Amino acid sequence: LRGGLSKTRQQLNQNAGFLGTDLRDILSNSESLEDLEMALLAADVGAPATAEILEDIRSSKKRNLSEALAEALILQLEPRGAGPGQEGAAPGGERPDVDPDGHVVMMVGVNGVGKTTTVAKLGQYYMLRGKSVMFAAGDTFRAAAGTQLGVWSERLGIPVIQGVEGGDPAAVAFDAATSRRARGTDVLLVDTAGRLHTKHDLMEELRKVKRVITKADPDEPAEVWMVIDAVTGQNGLQQAKKFHEVVPLTGVIVTKLDGTAKGGILIPIVRELGVPIKFIGVGERPDDLQPFESREFVRALLG
Ligand code: GDP
């Protein structure tokens, strides 16, 4: 994880290369405080959270800046309402396993964010934890996406339900959810389309896919996880808000954290969307996907 977050860490250290400094020295120097503020803003932490973090640091009892900053960042990454340490943290701050609530996860997000790759990575994640997994190639609009999932399916040995090119994605999702139920498969991951040029149709399509999954499997409320590309920062967050209005999101996966110095975007995502971050992507390989745990994330970021 440290490697995957190196760009954001370097960025923070470059502008605030005094993380080990005595907190009193920082607080008595307005220039240092300003550098810290700039570093947080540059990492895409956002203005409201940055102001709160600085406030927390001012009243912190910790001895050095990095400890005070870690505490403030962790607080920002906890979903509102949950006290620190209550959200999914295993003893010792280890990453908890992340099981979907139910058997079906519908994956949404705009093209290019890494959605199909993330479906494959999740498939491997659950398979390695002894679960049976199935894919559904619900992006029938883009033939390449179906092919891509087909290649992953073969490589990982995970069955995939595919429709015909240009066919109805909801039909594929319905088939897949029905067959998941019949086979008793543990996890069904449904890839969906992400074309933005026909946004209205896309939103209707996603709504329909969600509806038919529920119809095929009424006892199982499907989860909806949105994949957000960290490189796109605020843009990705704004897109997520639009999706959230149409198909209420139950989780977020932030990809490409390895490719950006703006890893602080996780904070506005948690604050403004109010949806938990389930996993983070830190590379292109199947095992470059990790369950998100706020304390571990902050430790890797500052350590
Ligand atoms: P989709 O259009 O959203 O389905 O996107 P793809 O799954 O095809 O991924 C687009 C590109 O992003 C591919 O080259 C992936 O290998 C790459 N990608 C996905 N996740 C990550 C990640 O966490 N880090 C990096 N560096 N690349 C990623």
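FYI, it's all coordinate maths here, none of it is from the lab. Just so you know, these numbers come straight off a predicted model, no measurement behind them. Please note: Cβ atoms are built from the backbone with ideal geometry, for glycine as well, and neighbour counts cover all protein chains shown.
Subtracting the Cα-Cα distance from 0.36 nm times the residue separation, let me have the gained length for ALA182 to LEU33 in nm, one decimal.
Separation in residues times 0.36 nm, less the Cα-Cα distance, equals 47.7 nm.
Residues of the range 196-219 with backbone nitrogen within less than 15 Å of a virtual label 7 Å along the Cα-to-Cβ line of ASN235, please, listed as ranges.
196-197
About its Cα centre, what dipole magnitude does the chain give when the only charges are +1 on Lys and Arg Cβ and -1 on Asp and Glu Cβ, stated in debye to the nearest 20?
Dipole magnitude for the chain comes out near 380 debye.
Quick check: residue separation of SER59 and SER132 times 0.36 nm, minus the Cα distance between them. What number comes out in nm? It would help to have the intermediate numbers written out before the result.
Working: separation 73, 0.36 × 73 = 26.28 nm, distance 4.92 nm.
Full extension of this stretch gives 21.4 nm more.
Between VAL151 and ARG285, what is 0.36 nm times their sequence separation minus the Cα-Cα distance? Round to one decimal in nm.
Working: separation 134, 0.36 × 134 = 48.24 nm, distance 1.40 nm.
Between VAL151 and ARG285, full extension yields 46.8 nm more.
When the helix-only estimate is applied to the chain (DSSP H runs of n ≥ 4, each -39,500 (n - 2.57), divided by the residue count), what is the mean residue ellipticity at 222 nm, nearest 500 deg cm²/dmol? Don't skip to the end; give the middle numbers.
Numbers: 11 runs with 136 residues, N = 303.
That calculation yields -14000 deg cm²/dmol at 222 nm.
Give the residue from PHE135, GLY163, ASN111 lying farthest towards the positive end of the charge dipole for the range 94-185; charges sit on Cβ (+1 for Lys and Arg, -1 for Asp and Glu) and the dipole is referred to the Cα centre.
Towards the positive end, the residue furthest out is PHE135.
For the chain, modelled as a Gaussian network with Cα springs under 10 Å, which listed residue fluctuates most, GLU154, GLU71, GLU205?
GLU154
Given LYS62/LYS256; LYS7/LYS210; LYS131/LYS278; LYS241/LYS278; LYS61/LYS278; LYS215/LYS256, which pairs have Cα atoms separated by over 25 Å?
Result: LYS62/LYS256; LYS7/LYS210; LYS61/LYS278; LYS215/LYS256 exceed 25 Å.
So in the chain, what percent of DSSP beta bridges are antiparallel if you round to the nearest 5? Write down the numbers at each step before the final one.
Values: 4 of 29 bridges.
DSSP beta bridges in the chain are roughly 15 percent antiparallel.
What is the magnitude of the charge dipole of the range 147-208 about its Cα centre, with +1 placed on the Cβ of each Lys and Arg, -1 on the Cβ of each Asp and Glu, and no other charges, expressed in debye to the nearest 20? Walk me through the intermediate numbers first.
Details: 8 positive and 9 negative charges, 39 e Å.
Around 180 debye, computed over the range 147-208.
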